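Structure first, commentary second.
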Amino acid sequence: MPQTYRTLLKSLHDQGAIEPFAWHFADAIAKTAPDGSSTMPDQLFLAAALVAQNTVVHKHVCLKLTSDLRMRNFLAGDNFSDETVTDIELPADLTDYLKSSVCSFAVEDGTGRDFKPLVLEGNRLYMQRYWVYENLCAQYLNSRTDKDDKDPPDESSIRGLTLLDLDADQIAAIRQAVSSKLCVITGSPGTGKTTIIGVVLAFLFQKKSDIKVCLCAPTGKAQARLKEALDAEIENNLALPADAPARISLQNLSPLTIHRLLKINPVTGQCGHHKDKPLLADVLVVDEVSMVDLPLLVKLLSAVQKECSIILLGDKDQLAAVETGAALVEMCEAWQNRAPVARLTHSHRFSSESGIGQLKECINHGAGREAWEILVSGDGALSHAPAPTSYEACAQALKEYLAGHPFCEYLQAQTASEALRLFDRLRILCATRHGPCGVNTVNLCVQKLLGVNTYGHGYPVMVTVNDYARHLFNGDIGICLKDPNNETVRVWFPSLEKPGEYRSFGIAELPGHTPVFAMTVHKSQGSGFGEVLLILPQQDNPVLTRELIYTGITRARTKCVIWADRAIFEKCVRTPTRRMSGLKDKLKRCSGVCLVNPD
């Protein structure tokens, strides 16, 4: 090799392909070598930089040291294409170096008492903080899977609480949720996860009217949707009199974001509720768990008393959390086809005969060719067109697509309620931010096509920064509306605390935000829209995965339109997201290692 790994990494850092944190982490680690950084083997500097890069950029919990890894697996820049660098293999003896006496910063299997910034566990290398998080998560979850807390209710008592004809999977999930300290309920949109929660909580409130229930979700948008969906279940499907105490208790429940539930300080990150000051709850329900990263999940689990029952809801096939880890997927894989996981298989939104239903199943099975054939020959709920090849082509395609579309009627709305309802008829979802098919381009094109001025009437915004003082949170969507009496423009948002009501803010009052004529698929998680237009780029990109396609199409309630080229679409379907982690293995057994809190 013509240069040392340290020199190579410095060059990559200068080109933006290695994150500054990864470089400085390795540099700091080098200074802990027995005789200073000059004696530290070059391979060890490489290991420290790559495990930090793998965690910070690619959101893996660890670095799995396998023989097929190349430098290209770690680089951050999509445009870096020097094959003399990208094809470099990791040194074959890297694991041996990490175990050697000269490696003062790594401790094998985490058995040492002294703090070590890296932990080598088998062939997995961790930053010590994330090794602790992973083991704590496994311990908290394993401790709740030993035995059921109570006898499950009989089927007749369950069916008596709802007007719906529950399927066998739903009945099984309800019985487990009522009787266990931990229940993980996974299913695609429309499988009845919220229905199950309504029945479970109604049953528990009937048994004990003063139980303390905490409902939470990872984002403000998911929190609002949980409240909206639960209220709809109570109103339309619950077989209880209007004055029944259990029904009233359910109506009085108010979901919170996980951050607000734990009283997390936005500046320090410290939690108001933790192991020594736990939540006062008999039942904790967490929605959209696929969006919850490993550190946040550990903070939540550590704040729950051992007597509290935990119900985790989510769709394991959705995109993983934006931050580190994919805990829901690993729970479902570790406990496949057995408790505490309850899997819902029948979608009441997408039948197995519908185009979207068939497409969803093909995508989940990684069947790219079959998925493409369904897309291009599907029923009226599916439509396809090639991906735009240029900025001009994207603008023209959007012009033709939006011409006469009912979505445009939101601009004539006079109230916030009507405007937001009509605006949700359609959402344009993009896989990337940049390029002819990216969010930035599509936002500009649609704004111009609709003739909407920036911050003028009909200009939609999405909050990107949590503002706890104003109760505006990352992902919240509002619309600028002009007062017909005085021409003043204010931005209207749905109220999180009072569903059905709306709040307005002056433009200068808004926290960080962006226009949202279009949004990324990641930002759409936890939402649903009448119609979805999903636009994929013409070039391959690391974000193009099976979970991205699945998440995009399942945001649609009635119709999904996909602009994509066949090769990119099929490769996307064949490429699952895999985050390196050891949680799945640890969930099959309790590690037994004594841990300290990483914070």
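Remarks
- Cβ-based net charge around Val439, under 14 Å, with every Lys or Arg adding one and every Asp or Glu removing one: +3
- Burial order of peptide ranges 544-555, 8-19, 421-432, 344-355 (average beta-carbon count within 10 Å, highest first): 544-555, 421-432, 8-19, 344-355
- Accessible area of the chain belonging to carbon and sulfur atoms, whole % at 1.4 Å probe: 49
- Spin-label proximity, Leu163 to segment 241-267 - amide N less than 19 Å from point 7 Å beyond Cα toward beta carbon: 241-252
- Efficiency of FRET from Cβ geometry, Gln305 and Leu411, R₀ 60 Å, rounded to 0.05: 0.75
- For segment 463-525 versus segment 47-77, the spacing of their alpha-carbon centroids is 37 Å.
- Full extension of the segment from Ser11 to Arg433, taken as 0.36 nm per residue of separation minus the current Cα-Cα distance, would add 149.3 nm.
- Among beta bridges that DSSP assigns inside the chain, antiparallel share in %, nearest 5: 40
- Summary of the geometry: segment 167-226 and segment 286-311, compared by the centres of their Cα atoms, lie 14 Å apart.
- Column: log10 I(q)/I(0), Debye, Cα scatterers of the chain, q = 0.05, 0.07, 0.10 Å⁻¹: -0.23, -0.47, -0.97
- Seen from Ala567, the other residues with C-beta closer than 14 Å to its C-beta sum to a net charge of +1, counting Lys and Arg as +1 and Asp and Glu as -1.
- Over the chain, DSSP H runs of length four or greater, each weighted -39,500 (n - 2.57), average out per residue to a 222 nm ellipticity of -10000 deg cm²/dmol.
- Peptides 243-254, 176-187, ordered by how many other C-beta atoms sit within 10 Å of their residues on average, highest first, read 176-187, 243-254.
- Label-point separation in nm, His471 to Ala567, each point 7 Å along Cα→Cβ: 5.2
- Residues whose amide H falls under 5 Å from that of Ile310, counting only those 5 or more places apart or on a different chain, are Leu182, Cys183, Leu284, with hydrogens built in the peptide plane.
- The H on the amide N of Glu121, modeled in the peptide plane, is under 5 Å from the matching H of Asp109, Tyr126, each at least 5 residues off or on a different chain.
- The packing ranking, built from the mean of other Cβ atoms within 10 Å per residue, places the peptides 364-376, 262-274, 308-320 in the order 308-320, 364-376, 262-274, highest first.
- Averaged over its residues, the chain has an accessible area of 43 Å² per residue, based on protein heavy atoms and a 1.4 Å probe.
- Using a cut-off of 21 Å between Cα atoms, the listed pairs Lys227/Lys559; Lys448/Lys559; Lys316/Lys588; Lys64/Lys523; Lys221/Lys498 include Lys227/Lys559; Lys448/Lys559; Lys64/Lys523 as exceeding that distance.
The values are calculated or read from the model by the stated rules, or taken from the named source; none is laboratory data. Please read these numbers as outputs of a predicted model, since none were measured by experiment. Cβ coordinates were reconstructed from backbone atoms using ideal geometry, including for glycine residues, and neighbour counts include every protein chain displayed. Side chains included, ligands, DNA and RNA excluded: accessible areas come from the protein's heavy atoms. Shrake-Rupley method; radii C 1.70, N 1.55, O 1.52, S 1.80 Å.
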